[in-house]
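The values are calculated or read from the model by the stated rules, or taken from the named source; none is laboratory data. Since the model is a prediction, treat every value here as computed from it, not as a measurement. Here Cβ is always computed from backbone atoms with ideal geometry, including for glycine, and neighbour counts include all displayed protein chains. Surface accessibility is based on the protein's heavy atoms, side chains included, excluding ligands, DNA and RNA. Shrake-Rupley method; radii C 1.70, N 1.55, O 1.52, S 1.80 Å.
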Amino acid sequence: MTKSVFNLSMVAPLAAAIISVNAGAQTSAEMTAMAGTGAVEEIVVTGTNVYRDRTDDINPTLSFNLDFFQRFEPLTVGEMLKRTPGVTFTSDVLEYDAVQLRGMNAEYTEVLINGRPIPGQGADRTFFVDRIPSELVERIEIIRSPSADMTSQGVAGTLNVILKDGAKLDGITTRLGSTYYADSEEFRNIGSAAIAQAGESYDFWLGANIQERYNPKRKVEEYFDDEELEGFAFENDTRDGRDSSLNGSVGFQLDELSELRFNGYYVFTDREENEVVTEYEGTAVSRTEGDLVKIETQEEQIDQTSWGIDGLYTTSLAGGELELSAALSRFKEDTVNFETEEEFEDGISQGVEDGDETLAIEDENYALEGSYTVNWGETELKTGLSYGVSERSGLQTGLFDVDADIEETRIAPYTKLTYALADNLSVEGGLRYDIYEREVSNEDGRGKHDSNELLPSISLRWDMDGENRITASVARTLRRPEFDLVSPFEEEETPDDEDVTIGNPDLESELAWGFDLGYEHRLPGRGIVGVNVFYRDIDDVIELTDTGIDTEAGGALFMPMNIGSGTSRGVEFDISMPLAFMGLENTGFYANYAYLDSEIKDPFTGDTRTFRNQPDSVYNISLTQDLPGFGGAGISYQKRSESLATEFEEYVVTEYDGNLEMFVEWNVTEKSVLRFSGTNLLDQEKVEHIRDYGEPVNEIQIEESSPTYTVTWRSAF
């Protein structure tokens, strides 16, 4: 059947400025050929500039392979993500844990491993991506808008971490390295090995990784009264730990029509945090001029375990394809925190008080899914049913600390229709119906909540010609409420002295309409430039609210409720290209910039503000240079603007310096590389300005860490 080609000359002005630099881009097939045949040595990147390419998805998706990141030698997924479009973190210096897509607070980002949700520590359902070692990862997908056959809990977007498998690979890879921390003059080591083999009817991959992570931070806190300095504190905070991980994959070609695959991963984090805070009174930040008033110490031993296993069976049946899958994932944390406090008067100790507390969390997720896909000419119909249960117990640490047991059940039938309107124009539409049940209980009571949400989505991909593409999407997404807020609890003297705050087991999910419109142009020599405009309209936003009921002490009764609405919007731009048109044949250039904005009414002040922790902008610039016959070198710079966080009537403005990182590498052989890399080369600072609403700044916190230098040897056999 011959189809027409959809084309509209009216869009030509939109692309003219970019198209003018294109002297002849390569096709997707040519670029795939350049990528190689899948030999295992190709995951050891040796002196090749790498550029982002398009995906075949109709819904807007960005994909970054391991070789896009590897030359800068990131340790974790968090360190990988800091270079991708629109991604921010509001963490300590050199910590990349709770990822924020589009700059929105981390609870609006869904994190998946191999397309499946994973449990984590946070009561806000966040998973700390710095716990996933980069050595486990094949590629990272940023899904800007979901399809109906995906979970729909990423209001800002979904991050899908695809782990390595053994398909079409054969051989052994190794990695050895050591990192030097300049300020503390400490070394930490890295080691990993993996083996892959593929035959006619099977393939497997098994990898092991051990990496030591160390982050010595220094903080100065300044306290003000009516804009006059009245005291200060010095804080040393050192995080020292080890991540041990395994991941494996095995696949079988059962017959000409059927395949079976199993995937699994295991990550154990053993981490120690030591913190010493020395507080003074005085009008100058100086140990010799201030009066010592307090010394606080904290020793925290953190043990966290994450693992997951899944299986997928596919077979041809009655002219279509049947998929059956099952998955189990688990998170467990056992943390012990020991604290001491020693107060002083006129330089004389008033005694030491100490105490300890434990944090224990267990979270298990079970999932089953079946789907059937059938094609009729240019139409594809996929229908399926997803079933999941999660059981969580322990201390839910969020805005409040609440011990509770929570069980959630999710059933989601869905259907997705994909239709090629023309050779270059495809549309995908679908419906997902989420049936949700939550039960929560603790010593203060129990609660149960049911809900049903219809989540439609539709996406369009128009390949205007070989170089230009437009994508558009509309989708309904949701965010489930935090575990601590839905738990029965009562906390006195919160937010103010006479007030009381209670939990709300009846909290509904936040619901959002999302709109994305993107344009991509393929540049000469394997480059891509893209721009995407997004808008999110969010209803039933959860806010801590005055119920209008008085307490016995004469204060107000507060409760988290679905009362708010807000919008988030922005423009995301990225470019990935060689600089051959400037005569720089072996130079690669990559940059991205995101303009971010949002609007929500603060329930305490009544004023309009941005969503918590969303900066106005974030950008990255990278240059890589191949040195034929030797290897290569590169630099990368990341910077974000300040952001605002609020808690009750407290306002915190956070700003960061830029982060500069670099690498130099020597291709020792065709299958091995010796690489020197460095990060935090500008000794980045984080500054927080803290004040009560309507008041001048009463506290400033300045934090910095250490430049780091790493030597890494990678090889393949």
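General observations
- With all protein chains kept in place, the per residue accessible area of segment 598-717 amounts to 43 square angstrom at a probe of 1.4 angstrom.
- Modelled spin-label separation between residue 421 and residue 234, with each label point placed 7 Å from Cα along the Cα-to-Cβ direction: 6.7 nm.
- Of the peptides 695-707, 285-297, the order by per-residue mean of other Cβ atoms within 10 Å, starting with the highest, comes out as 695-707, 285-297.
- Peptide packing for 80-88, 463-471 was compared via the average number of neighbouring C-beta atoms within 10 Å per residue; ordered from the highest value, the list is 80-88, 463-471.
- Candidates 245, 603, 176 compared by Cα position along the dipole of the chain: farthest toward the positive end lies 176, with charges placed on Cβ.
- Judged by the gyration tensor of its Cα atoms, with axes a ≥ b ≥ c, segment 168-225 is prolate; a/c meets the 1.5 cut and a/b is the larger of a/b and b/c.
- Cα gyration tensor category, rounded, prolate or oblate, for segment 103-157 with a/c compared to 1.5: oblate
- Within segment 139-193, none of the chymotrypsin sites (Phe, Trp or Tyr not before Pro) combine a DSSP coil assignment with at most 14 other C-beta atoms in a 10 angstrom radius.
- Three-way shape call for segment 71-226 based on the alpha-carbon gyration tensor, with the a/c threshold at 1.5: oblate
- Residue 692-residue 450 pseudo-label distance in nm [points 7 Å out on the Cα-to-Cβ vector]: 4.6 nm
- Secondary-structure-derived ellipticity at 222 nm for the chain, considering helices only, amounts to -1000 deg cm²/dmol, per-run term -39500 (n - 2.57) for DSSP H runs with n ≥ 4.
- Accessible-area composition of the chain, carbon plus sulfur, in percent [1.4 Å probe]: 52 percent
- Simple spin-label estimate for residue 490 and residue 305 in nanometres, 7 Å along Cα-Cβ: 3.8 nm
- Per residue accessible area of segment 321-457, 1.4 Å probe, in Å²: 51 Å²
- In a DSSP loop and with at most 15 other Cβ atoms within 10 Å, the GluC sites (Glu not before Pro) in segment 469-530 are 493, 498.
- Accessible surface for segment 92-239, divided over its residues, is 34 Å² per residue with a 1.4 Å probe.
- Computed FRET value (nearest 0.05) for residue 170 with residue 567, which takes r as the C-beta separation and R₀ as 41 Å: 0.20
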